[in-house]
Amino acid sequence: MSALHPASLILFGFAFLLAASTRSGTLLLLICLAVTGLTLSLARRHFARILRRSRWLLLTMLVLFGWMTLGTPVPGLPGATREGLVLATENIARLLIAIAVVALLVGRLAPAGLVSGLRSLLAPLAPLGDFRDRLAVRLMLTLQEVDAARSGAGARDVPVARLELPTAVRGPADYLAAIASAALLLYAVLA
(Lines give C-alpha, C1' and ligand atoms only; values in the text may rest on other atoms or scores of the structure.)
Protein backbone atom coordinates (compact mmCIF):
# COMPACT_ATOMS: atom_id res chain seq x y z
CA MET A 1 0.00 0.00 0.00
CA SER A 2 1.46 3.35 -0.99
CA ALA A 3 1.83 6.33 1.30
CA LEU A 4 -1.25 8.48 1.66
CA HIS A 5 -1.46 12.02 0.36
CA PRO A 6 -1.25 14.57 3.21
CA ALA A 7 -4.76 15.81 2.39
CA SER A 8 -6.11 12.27 2.76
CA LEU A 9 -4.50 11.90 6.17
CA ILE A 10 -5.86 15.24 7.37
CA LEU A 11 -9.34 14.50 6.02
CA PHE A 12 -9.38 11.04 7.61
CA GLY A 13 -8.16 12.50 10.93
CA PHE A 14 -10.90 15.13 10.85
CA ALA A 15 -13.57 12.56 9.97
CA PHE A 16 -12.41 10.23 12.73
CA LEU A 17 -12.34 13.09 15.22
CA LEU A 18 -15.88 14.13 14.30
CA ALA A 19 -17.21 10.56 14.41
CA ALA A 20 -15.54 9.83 17.75
CA SER A 21 -16.62 13.08 19.37
CA THR A 22 -20.29 12.43 18.59
CA ARG A 23 -20.20 9.24 20.70
CA SER A 24 -20.86 9.15 24.43
CA GLY A 25 -20.63 6.84 27.41
CA THR A 26 -18.68 3.61 27.31
CA LEU A 27 -18.10 3.71 23.54
CA LEU A 28 -16.46 7.13 23.82
CA LEU A 29 -14.18 5.91 26.61
CA LEU A 30 -13.21 2.79 24.62
CA ILE A 31 -12.40 4.91 21.56
CA CYS A 32 -10.38 7.26 23.76
CA LEU A 33 -8.38 4.38 25.25
CA ALA A 34 -7.75 2.81 21.83
CA VAL A 35 -6.67 6.06 20.17
CA THR A 36 -4.53 7.07 23.13
CA GLY A 37 -2.82 3.67 23.12
CA LEU A 38 -2.21 3.86 19.38
CA THR A 39 -0.82 7.37 19.71
CA LEU A 40 1.47 6.36 22.56
CA SER A 41 2.92 3.63 20.35
CA LEU A 42 3.24 5.73 17.16
CA ALA A 43 3.75 9.35 18.25
CA ARG A 44 4.61 9.30 21.95
CA ARG A 45 6.84 12.40 21.88
CA HIS A 46 4.30 14.62 20.09
CA PHE A 47 1.44 13.34 22.24
CA ALA A 48 3.36 13.97 25.46
CA ARG A 49 4.31 17.49 24.36
CA ILE A 50 0.73 18.46 23.42
CA LEU A 51 -0.66 16.79 26.53
CA ARG A 52 1.84 18.64 28.74
CA ARG A 53 0.78 21.93 27.17
CA SER A 54 -2.90 21.06 27.68
CA ARG A 55 -2.69 19.93 31.32
CA TRP A 56 -4.25 23.11 32.72
CA LEU A 57 -7.10 22.93 30.24
CA LEU A 58 -7.74 19.30 31.24
CA LEU A 59 -7.64 20.19 34.95
CA THR A 60 -9.95 23.17 34.38
CA MET A 61 -12.44 20.96 32.55
CA LEU A 62 -12.39 18.46 35.41
CA VAL A 63 -12.98 21.15 38.04
CA LEU A 64 -15.59 23.10 36.09
CA PHE A 65 -17.65 20.10 35.08
CA GLY A 66 -17.05 17.96 38.15
CA TRP A 67 -17.60 20.56 40.82
CA MET A 68 -19.75 23.21 39.14
CA THR A 69 -22.49 20.98 37.71
CA LEU A 70 -25.59 20.43 39.80
CA GLY A 71 -26.47 16.87 40.62
CA THR A 72 -26.11 14.04 43.09
CA PRO A 73 -23.24 14.60 45.56
CA VAL A 74 -20.39 12.10 45.46
CA PRO A 75 -19.45 10.74 48.90
CA GLY A 76 -15.82 11.42 49.71
CA LEU A 77 -15.43 14.27 47.21
CA PRO A 78 -16.80 17.46 48.79
CA GLY A 79 -18.66 19.56 46.22
CA ALA A 80 -18.33 17.07 43.36
CA THR A 81 -21.43 15.67 41.70
CA ARG A 82 -21.93 12.36 39.95
CA GLU A 83 -23.41 14.04 36.85
CA GLY A 84 -20.59 16.59 36.78
CA LEU A 85 -17.89 13.92 36.93
CA VAL A 86 -19.59 12.00 34.10
CA LEU A 87 -19.66 15.19 32.00
CA ALA A 88 -16.03 15.91 32.88
CA THR A 89 -14.97 12.39 31.90
CA GLU A 90 -16.75 12.56 28.54
CA ASN A 91 -15.43 15.99 27.63
CA ILE A 92 -11.89 15.16 28.72
CA ALA A 93 -12.09 11.98 26.61
CA ARG A 94 -13.14 14.06 23.59
CA LEU A 95 -10.23 16.44 24.14
CA LEU A 96 -7.80 13.52 24.53
CA ILE A 97 -9.04 12.08 21.23
CA ALA A 98 -8.47 15.45 19.55
CA ILE A 99 -4.98 15.71 21.05
CA ALA A 100 -4.19 12.17 19.93
CA VAL A 101 -5.35 12.80 16.35
CA VAL A 102 -3.30 16.00 16.14
CA ALA A 103 -0.25 14.21 17.58
CA LEU A 104 -0.61 11.42 15.02
CA LEU A 105 -0.86 13.93 12.17
CA VAL A 106 2.09 15.98 13.40
CA GLY A 107 4.10 12.81 13.93
CA ARG A 108 3.30 11.46 10.47
CA LEU A 109 3.55 14.66 8.41
CA ALA A 110 6.38 17.16 8.17
CA PRO A 111 5.36 20.83 8.43
CA ALA A 112 5.52 21.17 4.65
CA GLY A 113 3.26 18.11 4.31
CA LEU A 114 0.71 19.62 6.71
CA VAL A 115 0.65 22.84 4.72
CA SER A 116 0.44 20.97 1.42
CA GLY A 117 -2.45 18.85 2.71
CA LEU A 118 -4.37 21.87 4.00
CA ARG A 119 -3.80 23.70 0.72
CA SER A 120 -5.15 20.70 -1.20
CA LEU A 121 -8.21 20.52 1.04
CA LEU A 122 -8.88 24.21 0.37
CA ALA A 123 -8.88 23.64 -3.41
CA PRO A 124 -12.66 24.20 -3.68
CA LEU A 125 -12.02 27.80 -2.55
CA ALA A 126 -9.69 28.48 -5.50
CA PRO A 127 -12.36 30.47 -7.44
CA LEU A 128 -12.41 32.99 -4.58
CA GLY A 129 -8.89 34.14 -5.40
CA ASP A 130 -5.47 33.26 -4.12
CA PHE A 131 -6.68 32.86 -0.52
CA ARG A 132 -5.41 29.30 -0.14
CA ASP A 133 -1.97 30.19 -1.52
CA ARG A 134 -1.62 33.14 0.85
CA LEU A 135 -2.76 30.97 3.74
CA ALA A 136 -0.26 28.26 2.78
CA VAL A 137 2.61 30.76 2.60
CA ARG A 138 1.72 32.34 5.95
CA LEU A 139 1.33 28.98 7.63
CA MET A 140 4.62 27.71 6.20
CA LEU A 141 6.47 30.84 7.34
CA THR A 142 4.93 30.48 10.79
CA LEU A 143 5.95 26.84 11.03
CA GLN A 144 9.49 27.71 9.91
CA GLU A 145 9.66 30.43 12.57
CA VAL A 146 8.47 27.96 15.24
CA ASP A 147 11.06 25.39 14.15
CA ALA A 148 13.79 28.03 14.18
CA ALA A 149 12.78 29.25 17.64
CA ARG A 150 12.70 25.67 18.92
CA SER A 151 16.18 24.96 17.55
CA GLY A 152 17.58 28.20 18.96
CA ALA A 153 18.39 29.88 15.66
CA GLY A 154 16.38 32.84 14.49
CA ALA A 155 14.49 32.28 11.25
CA ARG A 156 15.19 35.88 10.36
CA ASP A 157 18.88 34.97 10.02
CA VAL A 158 18.10 33.02 6.87
CA PRO A 159 16.11 34.93 4.24
CA VAL A 160 13.40 32.94 2.51
CA ALA A 161 13.67 33.39 -1.22
CA ARG A 162 11.26 30.66 -2.22
CA LEU A 163 8.86 28.34 -0.45
CA GLU A 164 8.26 24.91 -1.86
CA LEU A 165 5.54 22.50 -0.90
CA PRO A 166 5.94 18.81 -1.57
CA THR A 167 3.76 17.38 -4.28
CA ALA A 168 2.29 13.97 -3.77
CA VAL A 169 0.36 11.94 -6.29
CA ARG A 170 -2.94 10.52 -5.20
CA GLY A 171 -3.09 6.76 -5.41
CA PRO A 172 -5.60 3.97 -4.77
CA ALA A 173 -4.97 4.20 -1.02
CA ASP A 174 -6.14 7.82 -1.09
CA TYR A 175 -9.44 6.81 -2.63
CA LEU A 176 -9.90 4.17 0.07
CA ALA A 177 -9.11 6.82 2.70
CA ALA A 178 -11.68 9.14 1.11
CA ILE A 179 -14.32 6.38 1.21
CA ALA A 180 -13.45 5.63 4.85
CA SER A 181 -13.64 9.36 5.67
CA ALA A 182 -17.05 9.64 4.01
CA ALA A 183 -18.25 6.59 5.95
CA LEU A 184 -17.02 8.08 9.23
CA LEU A 185 -18.72 11.41 8.48
CA LEU A 186 -21.93 9.60 7.59
CA TYR A 187 -21.69 7.58 10.80
CA ALA A 188 -21.17 10.79 12.80
CA VAL A 189 -24.21 12.45 11.26
CA LEU A 190 -26.65 9.52 11.26
CA ALA A 191 -25.81 7.67 14.47
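The values are calculated or read from the model by the stated rules, or taken from the named source; none is laboratory data. This one's a predicted model, so the numbers in the text were calculated from it and none came from an experiment. Here the Cβ positions follow ideal geometry from the backbone for every residue, glycine too, while neighbour counts run over all protein chains shown.
Listed here are the residues, each with its yes/no results for (1) modelled with pLDDT under 80; (2) more than 15 Å from residue 9 (Cβ to Cβ).
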residue: 133; (1), (2): yes, yes
residue: 142; (1), (2): no, yes
residue: 147; (1), (2): yes, yes
residue: 155; (1), (2): yes, yes
residue: 168; (1), (2): yes, no
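The condition of being under 27 Å from residue 84 (Cα atoms) and either buried (at least 20 other Cβ atoms within 10 Å of the Cβ) or of a type in the set (A, V, I, L, M, F, W, C) (or both) holds for only one of 38, 62, 11, that being 62.
Each residue in the stretch 164-181 was checked for being over 18 Å from the mean Cα position of the chain (by Cα), touching a residue at least 12 places away in the same chain (Cβ under 8 Å) and farther than 18 Å from residue 119 by Cβ, and 3 of them qualify.
When the stretch 99-110 is filtered for residues that are in a helix (DSSP H, G or I) and buried (at least 17 other Cβ atoms within 10 Å of the Cβ), the ones remaining, listed by number, are 99, 100, 101, 102, 103, 104, 105, 106, 108. In the stretch 31-69, of all residues being in contact with a strand residue (DSSP E or B) (Cβ under 8 Å, 6 or more places away or on another chain) and assigned to a helix (DSSP H, G or I), the one that is farthest from residue 101 (Cα to Cα) corresponds to 67. When the stretch 111-153 is filtered for residues that are in a loop (DSSP other than H, G, I, E, B) and in contact (Cβ under 8 Å) with a residue 12 or more places away in the chain, only 122 remains.
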